[in-house]
1. If you go through the range 249-305, how many residues are closer than 23 Å to E341 by Cα and aromatic (F, W, Y)?
2. Check the range 217-229 and report whether any residue there is closer than 30 Å to E78 by Cα and more than 19 Å from the chain's Cα centre (by Cα).
3. Name the single residue that is surrounded by the most Cβ atoms within 10 Å (Cβ to Cβ) among those in the range 223-240 being in a strand (DSSP E or B) and either free of Cβ contacts under 8 Å to residues at least 40 places away in the same chain or among the β-branched types (V, I, T) (or both).
4. Against the definition (over 25 Å from A93 (Cβ atoms), charged (D, E, K, R) and not in a loop (DSSP other than H, G, I, E, B)), how does E210 come out, yes or no?
5. Could we say that I82 is surrounded by 17 or more Cβ atoms within 10 Å (Cβ to Cβ), over 30 Å from T192 (Cβ atoms) and either β-branched (V, I, T) or within 16 Å of the ligand (Cβ to nearest atom) (or both) here?
6. (1) touching a strand residue (DSSP E or B) at 6+ places or on another chain (Cβ under 7 Å); (2) part of a loop (DSSP other than H, G, I, E, B): which one isn't true of P110, the others all being true?
7. Only one of these is within 19 Å of A364 (Cβ to Cβ), more than 16 Å from the ligand (Cβ to nearest atom) and not assigned by TED's automatic domain parsing to the domain that holds N185: K282, K270. Name it.
8. If you scan the range 121-136, which residues turn out to be in contact with a helix residue (DSSP H, G or I) (Cβ under 7 Å, 6 or more places away or on another chain) and not in a loop (DSSP other than H, G, I, E, B)?
Amino acid sequence: MRGAGPPLKGRLSPQEVIGLDILILIVENTHFSSFRELSLTKPVRAKISALGTYLPPRVLTNADLEKMVDTTNEWIMERVGIRERHIVDKGVAASDLAVAAVKKLLESHPFDLQEVDLIVVGTVTPDMMYPSTACLVQHKLGIEDTWGFDVSAGCSGFLYALNTGVKFVESGQYKKVLVIGSDVNSSMTDYTDRAVCIIFGDGAGAVLLEPAEEGELGILDHVAQIEGMGGQYLFMPGGGSLHPATHETVDQKMHCIHQDGKNVFKYAVKKMVEMTERILEKNKLTGKDIDCFIAHQANRRIITATAERLGMPLEKVIINIDRYGNTTAGTIPIAMQTALEEGRLKKGDRVLVATVGAGFTSGATLLRWAF
Ligand code: COA
């Protein structure tokens, strides 16, 4: 056998040819067996096997906002559909909400956190630029041997993190993946901008992804798309490498959410319909085949317009924006929790999840609820 050395090039000596033959034989055998192993291995499907959510206790009502900006409860309820949202106390960050959500998950589904192979966190309000929120969560939870990272996709953050986690489980190498969506929107909300401060709230949700048993339920498919032209309509310009923090960036409120509500609204309705229709067609389904529709909660009118277009009756549509506002990456798992609590989501249900967010980012996921 040849030892490790430079690659074989040009004419080979007889000794080298004999050595090479053996090598090729070994390589071929190895390839053949791993190829056979691969082709015999059944595809792994990922399932959500547990859920936990956390909302900070402090509530900011429309009545509170009426005292802060020129708005009314009637306007907010009619144009957006929000009555109240939850806001953190000073010093509470995205990793704290994420950890609290994981602890809630553990209450309903106890397991050894040391078994977690991977942590994926969707957030646009990380505790700080770095380290990642995933690192902070890992440390706070005391998980000794795992890895993880953050996903930045605005209000699509949880769905993008979920679909990333799903791919790791589908690879067959990952058995327990924690997917978390956590945002502290109040940390970047200008509470003098009435078109923005009424919309956003804070919150987090976590799910555990595991391989689904044979013939079982789980994540079936997903579609997603980014369109960067949308960056101009919803963004937070300050604090990054383009506009590092200075007195001027703070004076100009560049560390706050900047939103062109009308354009975001128009895009969100169009894209939510497009993504849901795309995944339904791809799977030869219609809105009538869906038991539970969980859409990102940004504006009640966006959700109902999409449901109407899909021919989906409102009793199949989960709406909790009235209680929590838009919690960005926290929204989808929090809406899943609402669906469970209201008895509108049960094992075996065909669920359609759809999001549109800053970026623009959009996506839809089809699954069969697994617990
Ligand atoms: N209270 C009272 N009036 C308000 C108001 C508030 N909180 N916010 C805006 N207005 C006013 C505007 O100033 C405007 O007044 P004008 O006509 O005198 O200029 C009027 O209401 C209509 O404004 P407009 O922007 O057309 O309202 P809208 O019906 O589009 O609602 C949003 C504004 C922001 C609620 C809406 O556009 C929206 O929900 N957009 C999508 C936001 C979103 O989804 N963001 C997250 C994406 S993931």
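1. So the count comes out to 1.
2. Yes, the range 217-229 contains a residue that is closer than 30 Å to E78 by Cα and more than 19 Å from the chain's Cα centre (by Cα).
3. The initial filter retains those residues of the range 223-240 that are in a strand (DSSP E or B), namely 223-226, 234-235.
Subset that is either free of Cβ contacts under 8 Å to residues at least 40 places away in the same chain or among the β-branched types (V, I, T) (or both): 223, 226.
Values: V223: 21, I226: 17.
This residue is V223.
4. Yes.
5. Values: surrounded by 17 or more Cβ atoms within 10 Å (Cβ to Cβ): yes; over 30 Å from T192 (Cβ atoms): no; either β-branched (V, I, T) or within 16 Å of the ligand (Cβ to nearest atom) (or both): yes.
Here the answer is no, as I82 does not meet what is asked.
6. (1)
7. Testing whether each residue is within 19 Å of A364 (Cβ to Cβ), more than 16 Å from the ligand (Cβ to nearest atom) and not assigned by TED's automatic domain parsing to the domain that holds N185 leaves just K282.
8. Taking the range 121-136 first, the residues in contact with a helix residue (DSSP H, G or I) (Cβ under 7 Å, 6 or more places away or on another chain) are 121-127, 133, 136.
Of everything in the range 121-136, those that are in contact with a helix residue (DSSP H, G or I) (Cβ under 7 Å, 6 or more places away or on another chain) and not in a loop (DSSP other than H, G, I, E, B) turn out to be V121, G122, T133, L136.
The values are calculated or read from the model by the stated rules, or taken from the named source; none is laboratory data. Quick caveat, the model's predicted, so the values are computed rather than measured. So basically every Cβ, Gly included, is an ideal-geometry build from the backbone, and we count neighbours across all protein chains shown.
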